[in-house]
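Working notes, beginning with the structure itself.
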Amino acid sequence: MPPNNLEPELFPSPSYLLHPLLVFSVVWLGVLLLYSLHLSFILRYSLEDVASTILSVWIPFAATIGIYESIRRSFSFRSHFAIPKRINYDLLRRRLRICFRVWILITIFEIVVSNGLPIVWALTGSSKTYVDFGIKSLHGFVNSLQVAIALGYFFLFLIDRKLAQLKVPAFLVCWCAIVINRNMMLVTLLEFAVLYVRIRGLRLTAAFKLLAGVLIFILVFGFIGDIRQGSASAIRELAQPTDEYPDWLPSGALWAYIYITTPINNLVFNVYETRPAYNFLFPNTVATLFPSVIRVIIYGDQLSDAESGQLVVSAFNVSTAYVGPYQDFGLLGMTSFSVMIGIICFFFWDRNSLKHILMFTVVTQCLILTLFFDHFFYLPVITQLGWIWYFFLPPLKFRPRRIFSAPRSINASSSYE
């Protein structure tokens, strides 16, 4: 049965599969395992060098979670898990519909301004690419609205189990492929997976479905990558696989492996080859929180390459979420960043209202993708928190002011204020 309006929120306690420390450990220690295989000639560093860099970000995060949990238990903070609240599902649906229509209008305008679509440009051999699509400084807000809408509708599907609720999320995922935006596709699908586990848990059948989804995503990811590069053989030229790499695997597997391992490769390169700025303002860390136009005005030429740093191979241009903090303040900057995201993630982990569950989904996605980007300070992603806050904002009630009113009775029991 679909939920009624103002139904109490009675969500289960979060699965420990989504505990911030477990998630962070699986991601960062998992990439260490993959890197140790050295299936590409691009991966130039020893296992010891990579392990020392990974531990420099994992230990502060683990320590922060441990201290946070100890303080919470020591002071007997009241758990938020069992506090039933009420949610206006009708209002949520109405706001999702409004936001989706606004997104459609803005997207049509962007198509007109851009004079086409990236998928068409790629298939016709146009000189324009996916980076030429959209309106600068506005496109980030549009992307965040798109993902937030998809997340909201996917939650409604998880609650009332109506396949009709999947129409909008499915369309928005397909739209990511049309505009050749693998980052937003990855963000959207990852948030779906996190929210599914948070609301439904992870049974064996669901785990197999999730694994199948991951395999399909890898194939689609590789297909989109082949389109962007112009051919299926391009990845082998870029990735430089060793003789140990299994040639029978599809191109998507090589895309996935090289995209997972090269960010830490680039981070280690920056740690060993570049000198931090030691700037207390942390410009390279927070720069991506601003639209590109404002970013240039604020920082000018103070920035390094905030999103990528120095690269081993220019084609693989991500260097984890920690390259900005390292450029700003070295290893201490990386430690500070781990402490900050540890506090943020555990704060939302410890809350059980629907609004906070959706926000937890967003920050958990950010936590997982620290292996690639800094989405905690990335405008097109983190502003989802603002849209989610709007979805649950109580409706405004306008009460007309009474200009003329009858005088109060002298014998009235209430007094004047």
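Can you compute 3J(HN,Hα) from phi for each residue in region 283-293, using the Karplus curve 6.51 cos²θ - 1.76 cosθ + 1.60 with θ = phi - 60°, rounded to whole Hz and x for Gly and Pro?
Per-residue couplings from phi come out as x, 6, 7, 9, 4, 6, 6, 9, x, 4, 5 Hz.
Once the convex hull of the alpha carbons of region 252-339 is built, what does its volume come to per residue, in cubic angstrom?
Numbers: hull volume 9.6 nm³, N = 88.
Here the figure is 109 Å³ per residue.
Taking Rh as the Kirkwood radius computed over C-alpha pairs, what is the Stokes-Einstein D of region 7-391 at 37 °C in a medium of viscosity 0.692 mPa s, expressed in µm² per second?
149
Can you tell me the length gained on complete extension of the stretch Leu163 to Phe280, counting 0.36 nm per residue apart and subtracting the Cα distance? Walk me through the numbers on the way to the answer.
Working: separation 117, 0.36 × 117 = 42.12 nm, distance 5.01 nm.
This chain segment gains 37.1 nm when fully extended.
What are the residues whose amide H is under 5 Å from the amide H of Ile87, where those residues sit 5 or more places off or on another chain and H is modelled from the backbone?
Hits under the 5 Å cutoff: Leu6, Glu7, Glu9.
Could you give the nm distance between label points at Leu17 and Ser336, where each point is 7 Å from its Cα heading toward the beta carbon?
Those two pseudo-labels are separated by 3.7 nm.
Past 32 Å, Cα to Cα: identify those pairs from Lys209/Lys355; Lys136/Lys167; Lys128/Lys209; Lys136/Lys355, in the order given. Present the calculation step by step, with values, prior to reporting the outcome.
Numbers: Lys209/Lys355 26 Å; Lys136/Lys167 28 Å; Lys128/Lys209 37 Å; Lys136/Lys355 30 Å.
Going by Cα-Cα distance, Lys128/Lys209 fall outside the 32 Å limit.
How far, in nm, would the chain grow between Asn115 and Lys209 when pulled straight, counting 0.36 nm per residue and subtracting the alpha carbon separation?
30.0 nm
Name the residues whose placed amide hydrogens come within less than 5 Å of the amide hydrogen of Ser40, ignoring near sequence neighbours (fewer than 5 apart) on the same chain.
Under 5 Å from the amide H of Ser40: Thr242.
Cα-based Rg (one decimal) and Dmax (whole number) for region 10-126, in Å?
When restricted to the Cα atoms of region 10-126, Rg and Dmax are 23.8, 63 Å.
Starting from the amide H of Gly116, placed 1.01 Å from N in the peptide plane, find each other amide H under 5 Å away whose residue is 5 or more places distant or on another chain.
HN-HN under 5 Å from Gly116: empty list.
Multiplying the sequence separation of Ile104 and Tyr272 by 0.36 nm and subtracting their Cα-Cα distance, what value in nm do you get? Could the numbers behind the result be given before it?
On the way: separation 168, 0.36 × 168 = 60.48 nm, distance 4.63 nm.
Between Ile104 and Tyr272, full extension yields an extra 55.9 nm.
What is the pair-distance distribution P(r) of region 86-224, computed from all Cα-Cα distances in 5 Å bins starting at 0, with each bin given as a whole percent?
2, 9, 17, 21, 19, 14, 10, 6, 2, 0, 0
Between Glu48 and Ser127, how many nm apart are label points set 7 Å from Cα along the C-beta direction?
Going by the 7 Å Cα→Cβ label model, 5.1 nm.
When a footprinting reagent is the concern and you count Cβ atoms within 10 Å, what order do Thr64, Thr320, Thr262 take, fewest first? Present the calculation step by step, with values, prior to reporting the outcome.
Numbers: Thr64 21, Thr320 30, Thr262 27.
If I rank by nearby Cβ atoms, fewest first, I get Thr64, Thr262, Thr320.
Read-outs: derived from the displayed coordinates by stated rules, not from any lab. None of these values were measured; they are calculated from a predicted model. Positions of Cβ are backbone-derived with ideal geometry, glycine not excepted, and every protein chain shown enters the neighbour counts.
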